[in-house]
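Engineer: I'd like to ask you about the structure that follows.
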Amino acid sequence: MDILLGSLLIQALNAIQYGLLLFLIASGLTLIFGVMGVINIAHGSFYMMGAYFAFTITGLTGNFFVAVILGAILSVIIGALLEWALFKHLYKRDHLEQVLLSYGLILIFEELRSIFVGDEVHSIDVPAWLNFSIPLGDIMSYPFYRLFMSGVCVLVAIGMYILINRTRIGSMIRAGATNSGMAEVLGVNISMVNRLVFSLGVGLAAFAGMINAPASAVAPGMGMEVLIVSFVVVVIGGIGSVWGALFAAMVIAFADTFGSVFFPSVAGMLTYIIMAMVLLWRPDGIFKR
Amino acid sequence: MNDVLLRAENVSKHFGGLVANDNVSLSVYKGKTHAILGPNGAGKSTLINMLSGDLTCSSGSVFLGNLDVTHLQPNERSLLGIGRSYQKTNIFPTFTVLENCRLAAQSREPRLGAVFSSASNYEPYKNLAEKAIWETGLEGYESRVASALSHGEQRQLELAIVLATQPSVLLLDEPLAGMGSEESFQMIDLLKKLVKTHGILLVEHDMDAVFAIADIITVMVNGSVLMTDTPDRVRASAEVQQAYFGH
Amino acid sequence: MVESKNKYVLLAVMFIALLLFPTLGFDFYNDMVSRIVILALFAVSLDLLVGYAGLISFGHAAWFGVGAYAFALLSTHYQVTDSFWITLPVALIAAAVLSFIVGLFVLRTKGIYFIMVTLAFAQVFYFLVHDVPAIGGSTDGLNLYARPTLEIGNWVLLDLENPLTMYYFILAALFFSVVLLWFFLRSPLGRAVQGIKINEHRMLSIGFPVFRYKLIVFVIASVFASLAGYLFAAQSYGVNPELLSWHKSADVLLMLIFGGMGQFVGGIVGAFAFILLKDVFMTYTDWWQLWLGITIVLFVLFLPGGLASLPSRFKALVGKA
Amino acid sequence: ADDVKVGLMLPYSGTFAELGQNITNGFKLAIDQKGGKIAGRTIEYVELDDESAPAKANENANKLIRRDNVDVLVGTVHSGVALTMARVAKNTGALMIIPNAGANELTGALCSPNIFRASFSNWQAGYAVGALMAQKHKTAVSLAWNYAAGDEQTAGFKEAFEAGGGKVLKHLSLPFPNTEFQPLLTEIATLQPDAVYAFVAGAAQVKLTKDYEASGLKDKIPLYGAFLTEGTLEAQGSSAQGMLTALHYADGLDNPKNQAFIEAYKKAHGETPDVFAVQGYDSAQLFIAGLEAVNGDTSKKEDMIRAMENAKLDSPRGPLSFSKSHNPVMNMYIREARGDQNVMVGIAVEALADPSPDCKR
Amino acid sequence: MSEALVSAHGIHSYYGQSHILHGIDFTISRGETVGLMGRNGMGKSTLIKSLVGVVRPREGEVFVKGRSGKSMPTYKVACMGIAYVPEGRGIFPNLSVKENLLLGARPGSDGRLDWTYDRVLDSFPRLRERLSNGGAQLSGGEQQMLSIGRALMTNPDLLILDEATEGLAPLIAKEIWRIIAAIRESGIATIIVDKNFEAITEISTRNLIMVKGMIVFEGSSSELLSDADRLKTLLGV
Ligand SMILES: Nc1ncnc2c1ncn2[C@@H]1O[C@H](COP(=O)(O)OP(=O)(O)OP(=O)(O)O)[C@@H](O)[C@H]1O
Ligand SMILES: Nc1ncnc2c1ncn2[C@@H]1O[C@H](COP(=O)(O)OP(=O)(O)OP(=O)(O)O)[C@@H](O)[C@H]1O
Ligand SMILES: [Mg+2]
Ligand SMILES: [Mg+2]
């Protein structure tokens, strides 16, 4: 009984931690897709790019945190370049062309990764001072790095909420997404705002890849694995809502965690069944605005 | 005289805490133009939305003749003869003017089974559409794409679409807004003609127009009916003057 | 008007080219071309949904899979029959019934939410054929040992085991589907569906039962996708869960965007261009993903509206000069 | 005579690209060691990226067999793709050599005279680990991705483990390709078995062993697997050190053939070969055996097949022969992860053959 | 007269292939109130859009405070003190009333801060009651007030009103006209497009009438009002 209860509690902890991570992974998409309204299926590639930056730069400098900072800066620059060269031409076009364009990017990123870094599986060590565990029960312990990631996720969530909902930049972004011409007429430099937000979104996606790299692996195909779940998180939460995305990430994490323990045979479907149910119950997502 | 076409009975609408319509009752008669006046945000469009089915009533009922239509969908009400126009232009922007109206006419006779025949060559649709276009003064514009019309022209099309559905009651939400003076005059003439065979519920801020054609006027303020009376008496009412005209 | 005439000319040229292709005698390519034709049919069915009705489905592969698995289950897994006369109707009816049920749910949502719910349902289908043995569920799919038999009594009407017969059979399927689509689009129902794409709200308020119409197109598109899936299974002697995966849904959507949506020939052009382009890059370059990716990016930037918009663009260019 | 065409249908992009490349390297090394010519005929390659996409497998296999007229079809890594290839091979009678894919069916229900496997079957991989674990533990929990390869290897493991007197307490599965192992680790901590058998692949191996170590289970409940440390040891870092696995090859295996192989491979490709390179190498050796037996005359297919069936190859993995179903018969080694090598520390099963009960030929 | 705020020299504007403006010359200087009239579809809105840079003329040139508008991005035009209330309102449905108002808020070109948040809300008390409503949750007239208020918040030198009283109740419409008059007193220039021809001529310093993309009349209110024939043929009144 005690053991069962204890393990349920630990499972809940697992779920919360996983949910926060899912949110972090989807956060860049919340900006680019949720707020700006650009369907960017290359989100996973940006995530992968981050992980590979972390891997190579940690290799060069020997310091993970230096790598994270440098990698984030690089990613933001790459984001700005991509926006300038490609995405800015597509805001007024059909959503589906954005799908096609970002699909092209997926291929390009995947090949560039293969050319420059190769196809092996890599990993990054958890920085020494974060590399310890907290005992939980008698045989299991909880890696502190996971808690550290959770803290980072919470900070990102709060920061994003403030940026989007509490700042003037935030309202500019949202205004630009629905009627950029009108925003422009009001004196908002929409192209600048868009560039900023897009590169921030790319930076966040890459950041998620970097932060998560020590806890998982740096490998080909890692972007594709997070792509769909990121969209699921953003959509069921209610497009554009930060709290919604966070909540949705939690829902999925709990379903995944308890599903894989109690209903392993349907675990694969669970996320999708939940998404279908949520959207049928609230056709505009949980936190629609 | 007792030709009540459409009747609202104590309808209310709440948006969260806001009461946009509070126990509103009114009737639209055949052969009469019933105008609704009221300050901005008084709840006029909300009322029309409830009559047309775009919004569900929080309470109260809507009758078409003797039929209770409170729980019918907008499309069902449309088929029963309730036609409406929108305050914010609501057309098919990438279709031509003709196709906009033809589609509206098609709703009267869906011909779902006619898989192998062409919709656009079907005469009955075309005739209805052309008539509506002619009535609203859009002739000559048939093959223009709707999004390429000016604002005022789009407002004319807005009305043409409704007319092509051959409604018996017309719910018009500021049909004259955005039209120039001349088009307004034309439109007033048209409404005068239409009212002979229809019942019209008109929301309009153009006072010259309203007093030119209204037979009955309801004044709404803050979601409730202030008074319902003849144009003369409404004009004379001190309360209305104060709430609406601001003299 | 002129523009759409161009498209019919293009369409006719394509069909004639496809008709004549086998006479050129590239044996292997007959197979490849007929597989692309199947994908083209699949893309055309999606075009009906996406390009004309404005319902962007990200789960269209589910119906492709239903058609494919229907044949596989009947012919191999449960060994009921190989007969075309039974297996095809079953495949189509299965897709119709299932898409009707799914449609009742998914069509309640709109826009991006619709995209995601269709994805969700398709994923459920995917996991069913991935995990449930009773319906052939296995990661690796099912092998088929024969193509459908097309017989009347004991008289063999068409021998689909013959690659050339199969080729023309598939081509005929595309042809008739396109013709049906053409009729559909100009019929009252078709016009109404296109109206729904443009302004669903107004369609409702002028009296159209929008939901019912959407459900009808959803089912029709699914049935055509199922036909494509059926042909695919028959053609390639095998099915696997991949056929229902979101990658497949994305692939066909990409073909459609690549070719040009709502352009009638877009799906066909897109399927051919996409696959041939990829093939060329895979055969002749070291980094095919890079070149394909760059090509796609350039296409999007410089050719909005897809390949099918080329003729009219060309015309505009010539007209100006 | 003109060239002999080898069709290499392997993943050159995506998750398995690395394996595809190593197999290719191994294959070419064996041919190059013969001077690029077998029985006087030059070997020519046609390489095709199979993208690990089963839906495209049929077309790709046909492309090689019917368009390019290859004399042998070599492929692939992904089982779903390999099964489709095998079916095409079966229908067309083309000679096929499988350099990795483990699906039992390939040399089971689908077995065919013209289809050979130079790698392993999933059953073999699981069985060897089960045998190893049964020597040391009484109870175990298995953990695997919920897909065919996972099921098959786990079944092999269970068969051997229970035959050796052990008991499998529970099978934990998670959907492919999920890598969120934490809930399952918590479950393991609750069940407290003596040991854990796991099957996942690629990047997930890294994630699993790292999570396993971080949650403190590594020293209390040992983790075993077949491929679990294969190709990812460096990335796994400390988390895999000391882990025992069972497989048909071990790094630096102490036999002359292997030493020579490693030497040559390093020279040609600048890195140490792994088990996939070995499998590619043996695929080529097997083909060479056939080709030499008929003196390069590929039209004598039956003779070629007979020679291949009876081939006794001197493989880097030790002696290698083939079962009736054309699946390898080979030693399964116990390996311990030390540094960046899986070092042989014993033999789990000697000359293990897959009984292939479904092969009705 | 003082410096020209915006001027157009022989501009031709198109939508795709259709040629809408046929060589328009137009100037507005500080303190002027210009009425722009014409029937539906004559090109009034197109002219305005060409002035603020939403539509780019294919020929001719627009100058904003003496600087060529050719390569000037639209937002720059706005930042130089040109505010625009478009027909159809252009409210951001996903922003609250407050956010809509504050979006473009800034002091005027000379640091003037005539229109503060509070002053706008005082002028439109209705908006104060709806501050947290989303833009889409307003009545038509409320949206119109919001659109005007939002433009005022930019403290412009030139305010362009395209059918700004459309859908406003007479009471509010009167308030708008009063505000326009007040604006005029404070030296802000305005261009007004409105169907209420009496109200325009009452406050305008100059009037233009457009027919088919050309200016066919330009003159003072009294000049215009005295010519009943012209009114009839050009405006139908
Ligand atoms: N979806 C909604 N949510 C919340 N409040 C709403 C919503 N729609 C309308 N309202 C509010 O309800 C009130 C009545 O709106 P309505 O559109 O009926 O006014 P109206 O009389 O048509 O005004 P106008 O003449 O300006 O068009 C307004 O104050 C408006 O802000
Ligand atoms: N986006 C567009 N594409 C193509 N043609 C357009 C477009 N917008 C307007 N037009 C056409 O340009 C002409 C002038 O339009 P404009 O909107 O300038 O007229 P307006 O004088 O403002 O009329 P209104 O009083 O009706 O608003 C009209 O004939 C209209 O049909
Ligand atoms: Mg209203
Ligand atoms: Mg206008």
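Engineer: Sort the protein assembly as shown into rounded, prolate or oblate with this rule: let a ≥ b ≥ c be the square roots of the eigenvalues of the Cα gyration tensor; rounded if a/c is under 1.5, and if a/c is not under 1.5, prolate when a/b is larger than b/c, oblate otherwise.
Structural biologist: Verdict is prolate for the protein assembly as shown.
Engineer: Excluding same-chain residues fewer than 8 positions from residue C:248, which aspartates and glutamates have a Cα within less than 14 Å of its Cα?
Structural biologist: Of all the aspartates and glutamates, those that pass the test against residue C:248 - Cα under 14 Å, at least 8 places apart if same chain - are D:51.
Engineer: If you don't mind, another one. Roughly how many percent of the accessible protein surface of the protein assembly as shown is carbon and sulfur, given a 1.4 Å probe and a whole-percent answer?
Structural biologist: 59 percent
Engineer: OK, next. Using only protein heavy atoms and a 1.4 Å probe, report how much of residue D:243 is accessible, in Å² to the nearest 10.
Structural biologist: My reading of the accessible area for residue D:243 is about 10 Å².
Engineer: In whole Hz, with x marking every Gly and Pro, tabulate ³J(HN,Hα) for region D:352-361 from phi via Karplus 6.51 cos²θ - 1.76 cosθ + 1.60, θ = phi - 60°.
Structural biologist: 7, 10, 6, x, 6, x, 8, 7, 9, 9
Engineer: Determine, at each q value in 0.07, 0.10, 0.15 (inverse angstroms), the log₁₀ of I(q)/I(0) that the Debye formula gives when each Cα of chain B is one equal point scatterer.
Structural biologist: Here the Debye-derived log intensity ratios amount to -0.23, -0.48, -1.05.
Engineer: What ³J(HN,Hα) values, in whole Hz, does the Karplus curve 6.51 cos²θ - 1.76 cosθ + 1.60 give for region A:218-232 when θ = phi - 60°, with x put for Gly and Pro?
Structural biologist: My calculation for region A:218-232 gives 10, 8, x, x, 5, x, 4, 5, 9, 4, 5, 5, 5, 4, 4 Hz in order.
Engineer: Going through region E:34-122, which GluC sites (Glu not before Pro) have at most 15 other Cβ atoms within 10 Å and a DSSP loop state?
Structural biologist: none
Engineer: What FRET efficiency comes out for residue E:117 versus residue E:3 if R0 is 41 angstrom and r is the Cβ-Cβ distance? Round to the nearest 0.05.
Structural biologist: After rounding to 0.05, the efficiency reads 0.90.
Engineer: Taking Cα atoms, how many degrees apart are the long axis of helix E:170-185 and the longest axis of chain E, rounded to 10 and kept between 0 and 90?
Structural biologist: 70 degrees
Engineer: Taking springs between alpha-carbon atoms closer than 10 angstrom, which of A:211, A:273, A:41 fluctuates most in the Gaussian network model of chain A?
Structural biologist: Of the options given, A:273 has the highest mean-square fluctuation.
Engineer: Then there is this: Given 20 °C and 1.002 mPa s, compute D for chain D with the Stokes-Einstein relation, Rh being the Kirkwood radius over Cα pairs; round to the nearest whole µm²/s.
Structural biologist: 105 µm²/s
Engineer: Once you place label points 7 Å from the Cα toward the Cβ at residue E:205 and residue B:127, how far apart are they in nm?
Structural biologist: According to this spin-label approximation, the distance is 6.0 nm.
Engineer: Quick check: pseudo-label points 7 Å beyond the Cα along Cα→Cβ at residue B:134 and residue D:219, how many nm apart are they?
Structural biologist: About 9.6 nm, to one decimal.
Engineer: Moving on to the next point. Distance check, please: which entries in B:44/E:98; A:92/C:5; C:315/E:212; D:28/D:301; D:90/D:167 exceed 31 angstrom between their Cα atoms?
Structural biologist: D:90/D:167
Engineer: Residue farthest toward the positive end of the dipole of the protein assembly as shown, with Cβ of Lys/Arg at +1 and Asp/Glu at -1: which of B:145, C:114, B:27?
Structural biologist: Working it through, the farthest residue towards the positive pole turns out to be B:27.
Engineer: At a 1.4 Å probe radius, which order do B:198, C:60, C:77 fall into by accessible area, largest first?
Structural biologist: Solvent-accessible surface, decreasing: C:77, B:198, C:60.
Engineer: What lysines could a cross-link reach from residue D:170, if we take a straight Cα to Cα line under 20 Å and drop same-chain neighbours fewer than 8 places away?
Structural biologist: Partners within reach: D:136, D:138, D:158, D:218, D:220.
Engineer: Another question, then. With heavy atoms of protein chains only and a 1.4 Å probe, what residues of region A:253-289 have at least 30 Å² less accessible area in the full set of chains than alone?
Structural biologist: Relative to the lone chain, where solvent access is computed with a 1.4 Å probe, region A:253-289 loses at least 30 Å² at A:260, A:261, A:264, A:268, A:269, A:272, A:275, A:276, A:279, A:280, A:283.
Engineer: While we're on this one: How large is the accessible surface per residue of region A:22-87, computed with a 1.4 Å probe and reported in Å² as a whole number?
Structural biologist: 29 Å²
Engineer: In the neighborhood of residue B:77, defined by Cβ-to-Cβ distances under 10 Å, what is the net charge if each Lys or Arg adds +1 and each Asp or Glu adds -1?
Structural biologist: Cβ neighbours under 10 Å give a net charge of -1.
Engineer: Moving on to the next point. Please report the net charge: other residues with Cβ closer than 12 Å to the Cβ of residue D:227, K and R +1, D and E -1.
Structural biologist: -1
Engineer: Could you compute the net charge surrounding residue A:167? Neighbours are other residues with a C-beta less than 14 Å from the C-beta of residue A:167; K and R count +1, D and E count -1.
Structural biologist: Combined, the nearby Lys, Arg, Asp and Glu give +3.
Engineer: Going from most exposed to least, what order do A:49, D:344 have by accessible area with a 1.4 Å probe?
Structural biologist: Heavy-atom accessible area, descending, gives D:344, A:49.
Engineer: Region C:5-320: D in µm²/s via Stokes-Einstein (Kirkwood Rh, Cα pairs, 25 °C, 0.890 mPa s)?
Structural biologist: The Stokes-Einstein estimate is 122 µm²/s.
Engineer: Give the interface area between chains D and A as buried accessible surface, both sides summed, probe 1.4 Å, in Å² to the nearest 100.
Structural biologist: Counting both chains, the buried surface is close to 2800 Å².
Engineer: Another question, then. Given a Förster distance of 25 angstrom, what is the FRET efficiency for residue D:351 paired with residue D:32, based on the Cβ-Cβ distance and rounded to 0.05?
Structural biologist: 0.25
Engineer: Please state the Cα pair-distance histogram of region D:210-260 with 5 angstrom bins from zero: what percent is in each bin?
Structural biologist: 4, 18, 27, 21, 14, 9, 4, 3, 0
Engineer: I've got another one for you. Taking both sides together, what accessible area is buried at the A/E interface, probe 1.4 Å, expressed in Å² and rounded to the nearest 100?
Structural biologist: Chains A and E together bury approximately 1600 Å².
Engineer: In addition: Mind checking how much accessible area C and A bury in total, 1.4 Å probe, in Å² rounded to 100?
Structural biologist: Chain pair C/A: roughly 3600 Å² of buried accessible area.
Engineer: With the other protein chains left in place, how much accessible area per residue, in square angstrom, belongs to chain D at a 1.4 angstrom probe?
Structural biologist: In whole numbers, chain D has 32 Å² accessible per residue.
Engineer: If you look at just the Cα atoms of chain E, how large are its Rg and its Dmax in Å?
Structural biologist: 17.2, 50
Engineer: Going by a ≥ b ≥ c, the root eigenvalues of the Cα gyration tensor, does region C:15-115 fall in the rounded group (a/c under 1.5), the prolate group (a/b larger than b/c) or the oblate group?
Structural biologist: oblate
Engineer: Okay, moving on. Test of understanding: express the Cα radius of gyration of region B:122-247 as a ratio to 2.2 N^0.38 Å, with N the residue count.
Structural biologist: 1.19
Engineer: Let me ask another. So in the protein assembly as shown, what percent of DSSP beta bridges are antiparallel if you round to the nearest 5?
Structural biologist: Looking only at bridges with both residues in the protein assembly as shown, the antiparallel portion is about 50 percent.
Engineer: Across region C:251-268, in residue order, what do the Karplus-derived ³J(HN,Hα) couplings come to in whole Hz, using 6.51 cos²θ - 1.76 cosθ + 1.60 with θ = phi - 60° and x for Gly and Pro?
Structural biologist: The phi angles translate into 3, 6, 5, 4, 4, 5, 5, 4, x, x, 7, x, 10, 6, 8, x, x, 5 Hz.
Engineer: If you average the C-alpha positions of region D:258-320 and of region E:5-43 separately, how far apart do those two centres end up, in angstrom?
Structural biologist: Going from one Cα centre to the other spans 83 Å.
Engineer: What residues from region C:178-218 fall in the zone where the backbone N is under 15 Å from a label point 7 Å along the Cα-to-C-beta line of residue C:100?
Structural biologist: Counting only backbone N, you get C:212-218.
Engineer: Further question: Relative contact order, percent, of region E:4-235 when contacts are C-alpha pairs under 8 Å separated by at least 6 residues?
Structural biologist: It comes to 27 percent, rounded to a whole number.
Engineer: As a test of understanding, state the convex hull volume per residue of chain A from its alpha carbons, in Å³.
Structural biologist: 143 Å³
Engineer: Using a/c under 1.5 as the rounded threshold, could you call region C:134-181 rounded, prolate or oblate? The axes a ≥ b ≥ c are square roots of the C-alpha gyration tensor eigenvalues, and prolate needs a/b larger than b/c, oblate otherwise.
Structural biologist: oblate
Engineer: Full-extension gain between residue D:297 and residue D:234, please, as 0.36 nm times their residue separation minus the C-alpha to C-alpha distance.
Structural biologist: In short, 18.2 nm is gained.
Engineer: Further question on the same structure: Using the Cα centre of region D:216-361 as origin and beta-carbon charges of +1 (Lys, Arg) and -1 (Asp, Glu), tell me which of D:228, D:293, D:322 is placed farthest towards the positive end of the dipole.
Structural biologist: Value computed over the given set: D:322.
Engineer: A further question follows. Please work out the average accessible area per residue across chain E, using the 1.4 Å probe convention, and give it in Å².
Structural biologist: 37 Å²
The values are calculated or read from the model by the stated rules, or taken from the named source; none is laboratory data. Keep in mind that what you see is a predicted model, and the values were worked out from it rather than measured. No Cβ is skipped: glycine too gets one built from the backbone with ideal geometry, and neighbour counts run over all protein chains shown. Keep in mind that these areas ignore ligands, DNA and RNA; they rest on the heavy atoms of the full protein, side chains included. Shrake-Rupley method; radii C 1.70, N 1.55, O 1.52, S 1.80 Å.
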